[in-house]
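*Asks:* If you scroll down you'll find the structure; I have some questions about it.
The values are calculated or read from the model by the stated rules, or taken from the named source; none is laboratory data. All of these numbers come straight from a predicted model, not from anything done at the bench. Every residue, glycine among them, receives a Cβ derived from its backbone with ideal geometry; neighbour counts consider all protein chains shown. Protein only, heavy atoms only, side chains kept; ligands, DNA and RNA dropped before computing areas. Shrake-Rupley method; radii C 1.70, N 1.55, O 1.52, S 1.80 Å.
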Amino acid sequence: MRTPSARSVRAAVASALAVVTVLSVGGCSSDDENADDISVDPRPPAKSPEATATPAGTVSAFAPVDALTFDPVTRTLVALTDASTTVTLARDGAAAQTQVVDLGATGAALVAGRDSTVLVPMDGSVARISVVDGQRTALPVDGDALSAADLPDGTTAVGDDTGAVRVLDTNGEVTTTVSGGSVTSADALASTPNGVSVLDRRQTSVTDLNLDDGTLGVALRAGEGAAEMTSDEFGRLLVTDSTGTELLVFTSHDLLMRQRFPVGSQPWAIAYDEQSGVVWVTLPALNEVVGYTLDTGIPVEAERLATVRQPNSVAVDADTGDLYVGSATGDGLQRIPAAGR
């Protein structure tokens, strides 16, 4: 659900990845996956051509969207919009019923938080926005925050552009810091029943964090150019490898790659539907979104749908299974009802 902000996209190098050392991701052995350091220049999503197929579902006029998430409690679709400088709240997913919250800065991500809030990490702070009324509070942090996650114990983990991950209590005090080692950029965090894991795009890796003692756990290579990460109710980590054109599935905490599947294009945004067990992946180069089931031991394509141009973000309504796709070029907000698929 998270996609790079305008800040990170401007900093990205749009040319081919400059890989200093590349380790193959074949097999599931940690010996094969643990790695010498590599360094890549994270690329933005693939550039979409003009849409030629009619997008599935309905499309409403909407600001350019960089990230999406859906809050089922308030029935609100939340979007990171306007070059990642605003958050737009669309009640019941309807583009006609919106409230816009000005961030006053450029957000790096949009993450669902606790109690119908969303988190937006930024340089020097993390904004917490109430989905109910749009009220915003700031959590000051050291450094340029790229990722955030609310943890089950009421604390909040924040990752920055140096790879450091800090855990802050309800008063904003740092209780744990994990830094150094092989993580050079904490681009996404996933909190699962098994713990917390971090995605590093520069190292194209996934690493478990030991928050009890502030150390790094097992690290595995995540393809040739990891892009986005989410998790599911089973504690699996679902990662798109945009450069390697694959969907990767890891177990968390005991970190093992369990599944990998070629998707035939450069995948980007990813969202998981707990009701159907389908993981949805956008393919910006094709203006498509594809759903895969994971219950057979290997991803199996369940559905492929035409999207709006530049589908850099995707979200699922956990109650209905309706799918939302946002256009990063301002070509609209797409709603694909589950009943019509």
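*Asks:* Of 225, 238, 85, which is farthest towards the positive pole of the chain's charge dipole, taken about the Cα centre with +1 and -1 on the beta-carbons of Lys, Arg and Asp, Glu respectively?
*Replies:* 85
*Asks:* Using the heavy atoms of the protein chains and a 1.4 angstrom probe, tell me the accessible area per residue for the chain in square angstrom.
*Replies:* Accessible area per residue: 38 Å².
*Asks:* Let me ask something else about it. In the Gaussian network model of the chain, springs joining C-alpha atoms below 10 Å, which of 160, 241, 133 carries the largest mean-square fluctuation?
*Replies:* 133
*Asks:* Hey, another quick one. Using a 1.4 angstrom probe and counting only protein chains, how large is the accessible area of residue 274 in Å², to 10?
*Replies:* Solvent-accessible area, nearest 10 Å²: 120 Å².
*Asks:* In addition: At 1.4 Å probe size, put 250, 62, 234, 261 in order of accessible surface, largest to smallest.
*Replies:* Reading off the accessible areas and sorting them downward yields 234, 261, 62, 250.
*Asks:* Charges at C-beta only: +1 for Lys and Arg, -1 for Asp and Glu. How large is the resulting dipole of the chain about its Cα centre, in Debye rounded to 20?
*Replies:* 940 debye
*Asks:* So, one more: Mind telling me which of 82, 169, 66 comes out most flexible in a GNM of the chain, alpha-carbon contacts under 10 Å?
*Replies:* Greatest mean-square fluctuation among the candidates belongs to 169.
*Asks:* For region 270-341, what is the charge dipole size about the Cα centre, in debye to the nearest 20, if Lys and Arg each add +1 at the Cβ and Asp and Glu each add -1 at the Cβ?
*Replies:* 280 debye
*Asks:* Please work out the C-alpha center-to-center distance from region 282-335 to region 195-225 and express it in whole Å.
*Replies:* A separation of 26 Å, based on Cα centres.
*Asks:* Further question on the same structure: Round to a whole number: what % of the accessible area of region 225-341 belongs to carbon and sulfur, probe 1.4 Å?
*Replies:* The C+S portion of the solvent-accessible surface of region 225-341 is 48 percent.
*Asks:* Could I ask something else about it? Quick one: pull the percentage of alpha-carbon pairs in region 146-297 with a separation above 18 Å.
*Replies:* 54 percent
*Asks:* For the chain, with a Gaussian network of springs between Cα atoms less than 10 Å apart, report the residue from 266, 275, 99 with the top mean-square fluctuation.
*Replies:* 275
*Asks:* Going toward the positive end of the dipole of the chain, with +1 on Lys and Arg Cβ and -1 on Asp and Glu Cβ, which of 333, 157, 252 do you reach last?
*Replies:* Farthest towards the positive pole: 333.
*Asks:* Quick check: net charge around residue 337, other residues with Cβ under 15 Å of its Cβ, Lys/Arg +1 and Asp/Glu -1?
*Replies:* Result for the neighbourhood of residue 337: -3.
*Asks:* Taking the square root of 5 times each eigenvalue of the Cα gyration tensor, what semi-axes in Å does the equivalent ellipsoid of region 249-341 have, largest first?
*Replies:* Whole-Å semi-axes of the equivalent ellipsoid: 23, 16, 12.
*Asks:* So how strong a dipole does region 142-290 carry about its Cα centre when Lys and Arg Cβ are +1 and Asp and Glu Cβ are -1, to the nearest 20 debye?
*Replies:* Dipole of region 142-290, to the nearest 20 debye: 520 debye.
*Asks:* Hey, what's the per residue convex hull volume over the C-alpha atoms of the chain, in cubic angstrom?
*Replies:* Spelled out: Cα convex hull of the chain, divided by residues, is 116 Å³.
*Asks:* To the nearest 10 square angstrom, how much accessible area does residue 175 have with a 1.4 angstrom probe?
*Replies:* 80 Å²
*Asks:* Report in % the part of the accessible area of region 93-215 that belongs to carbon and sulfur, leaving out ligands and nucleic acids; probe 1.4 Å.
*Replies:* Taking all protein chains in place, region 93-215 shows 44 percent carbon and sulfur surface.
*Asks:* Radius of gyration and Dmax for region 170-233's Cα atoms, expressed in Å?
*Replies:* Cα radius of gyration and Dmax of region 170-233 are 12.0, 39 Å respectively.
*Asks:* Where does the Debye-calculated log10 I(q)/I(0) of region 65-200 sit at q = 0.11, 0.13, 0.17, 0.19 Å⁻¹, using only Cα point scatterers of equal weight, no solvent?
*Replies:* The Cα Debye sum returns log10 ratios of -0.36, -0.51, -0.85, -1.04.
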